[in-house]
1. Is region 91-99 home to any residue that is farther than 21 Å from Ala186 by Cβ, touching a residue at least 40 places away in the same chain (Cβ under 8 Å) and among the β-branched types (Val, Ile, Thr)?
2. Please enumerate the residues belonging to region 81-104 that are among the β-branched types (Val, Ile, Thr), in contact with a Ser or Thr (Cβ under 9 Å, 6 or more places away or on another chain) and either open to solvent by 30 Å² or more (accessible area, probe 1.4 Å) or in a strand (DSSP E or B) (or both).
3. Tell me which residues, restricted to region 145-175, are part of a loop (DSSP other than H, G, I, E, B) and open to solvent by less than 40 Å² (accessible area, probe 1.4 Å).
4. Within region 163-179, work out how many residues are of a type in the set (S, T, N, Q) and within 19 Å of the chain's Cα centre (by Cα).
5. If you check Asp116 against the conditions, is it among the acidic types (Asp, Glu) and under 16 Å from Leu145 (Cβ atoms)?
6. Test Ser74 against the stated conditions and say whether it is of a type in the set (Ser, Thr, Tyr) and more than 28 Å from Glu166 (Cβ to Cβ).
7. Please verify whether region 180-196 includes one or more residues that are over 20 Å from the mean Cα position of the chain (by Cα), aliphatic (A, V, I, L, M) and open to solvent by less than 30 Å² (accessible area, probe 1.4 Å).
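The values are calculated or read from the model by the stated rules, or taken from the named source; none is laboratory data. Everything numeric here is computed off the predicted structure, so don't read it as measured data. Note: ideal-geometry Cβ built from the backbone for every residue, glycine included; neighbour counts use all protein chains shown. Note: areas computed on protein heavy atoms with side chains; ligands, DNA, RNA excluded. Shrake-Rupley method; radii C 1.70, N 1.55, O 1.52, S 1.80 Å.
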Amino acid sequence: MPLRGALLLGAAAALQAPARVQTARKAAVALDAGRRDFVQGVGAAALAPAVLAGATPAGALDVKRWSQVPLPVSTTLFDIAFDTPDHGYLVGAKGTFLETLDGGRSWKPRVFANLDEEEEVGYRFEKVSFKGGEGWVVGKPSVLLHTTDSGKSWERIPLSPKLPGEPSGVTALGGSKAEMTTSTGAIYTTTNAGRNWKAEVK
């Protein structure tokens with residue numbers, strides 16, 4: 001699910017992983033000495049007895065380690081990916097494409113040189129993925145973008161009109177390799193930076 005307007009930033013580069021951003025249903029339960037456990041949805045009810053008994057659930061997130069980060073946009077956000085612990089991207093509706101160089105503490109808008117400003121606003125960038133300096137972005141209307149220099153420059157990869165459905169997901173595998181899924185459930189892989197795609201599941 002999308003986020004709007006702000007981002008939660010965890011200490012010690014918590015944004016480095018996982019790569020996917022989802023809206024969390026906030027359920028915080030106070031513990032002794034001001035400690036809190038951050039859980040989602042029905043998990044709060046399930047954990048309540050243990051919390052009241054003073055037990056700390058294994059793997060629970062400490063709310064004190066998270067802080068809200070203001071963003072320079074109010075558009076809906078769909079995905080986040082980091083290339084290094086400090087360098088990452090956020091993508092979203094209305095051409096939203098933000099970059100951080102400080103582990104997510106601040107974000108600045110970026111533009112794609114090969115998309116004019118009016119055209120870019122019409123895109124909804126839904127997925128971004130990075131591995132080893134190589135990155136991919138997919139969006140709607142159907143668009144696939146690729147970088148080999150950690151996002152300094154981007155290339156628009158042509159998509160075949162015969163592609164079943166629209167690109168719905170992309171995973172960077174490094175070394176000019178990637179996996180792309182479509183809205184019809186098809187899965188394609190490339191080993192040459194998107195010049196050719198092989199159908200793995202049609």
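1. Within region 91-99 (the criterion being farther than 21 Å from Ala186 by Cβ, touching a residue at least 40 places away in the same chain (Cβ under 8 Å) and among the β-branched types (Val, Ile, Thr)), the answer is yes, since at least one residue qualifies.
2. First pass over region 81-104, keeping only residues among the β-branched types (Val, Ile, Thr): 84, 91, 96, 100.
When the remaining residues are screened for being in contact with a Ser or Thr (Cβ under 9 Å, 6 or more places away or on another chain), the result is 84, 96, 100.
Within region 81-104, Thr84, Thr100 meet the criteria.
3. Residues of region 145-175 part of a loop (DSSP other than H, G, I, E, B): 148-154, 157-166, 175.
Answer for region 145-175, where residues must be part of a loop (DSSP other than H, G, I, E, B) and open to solvent by less than 40 Å² (accessible area, probe 1.4 Å): Ser150, Gly151, Trp154, Ile157, Leu163, Gly165.
4. If we filter region 163-179 for residues that are of a type in the set (S, T, N, Q), which is where we start, we get 168, 171, 176.
This time we only want the ones that are within 19 Å of the chain's Cα centre (by Cα), so: 168, 171.
Here the count works out to 2.
5. Values: among the acidic types (Asp, Glu): yes; under 16 Å from Leu145 (Cβ atoms): yes.
Judged against the criteria, Asp116 is a match.
6. Working: of a type in the set (Ser, Thr, Tyr): yes; more than 28 Å from Glu166 (Cβ to Cβ): no.
Criteria not met by Ser74.
7. The answer is yes, given that some residue of region 180-196 is over 20 Å from the mean Cα position of the chain (by Cα), aliphatic (A, V, I, L, M) and open to solvent by less than 30 Å² (accessible area, probe 1.4 Å).
Residue-by-condition table, conditions (1) under 11 Å from the mean Cα position of the chain (by Cα); (2) farther than 20 Å from Gly174 by Cα; (3) of a type in the set (Asp, Glu):
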{"residue": "His87", "(1), (2), (3)": "no, no, no"}
{"residue": "Lys94", "(1), (2), (3)": "no, yes, no"}
{"residue": "Arg105", "(1), (2), (3)": "no, yes, no"}
{"residue": "Val111", "(1), (2), (3)": "no, yes, no"}
{"residue": "Glu119", "(1), (2), (3)": "no, yes, yes"}
{"residue": "Lys131", "(1), (2), (3)": "no, no, no"}
{"residue": "Lys140", "(1), (2), (3)": "no, yes, no"}
{"residue": "Leu144", "(1), (2), (3)": "no, no, no"}
{"residue": "Pro161", "(1), (2), (3)": "no, yes, no"}
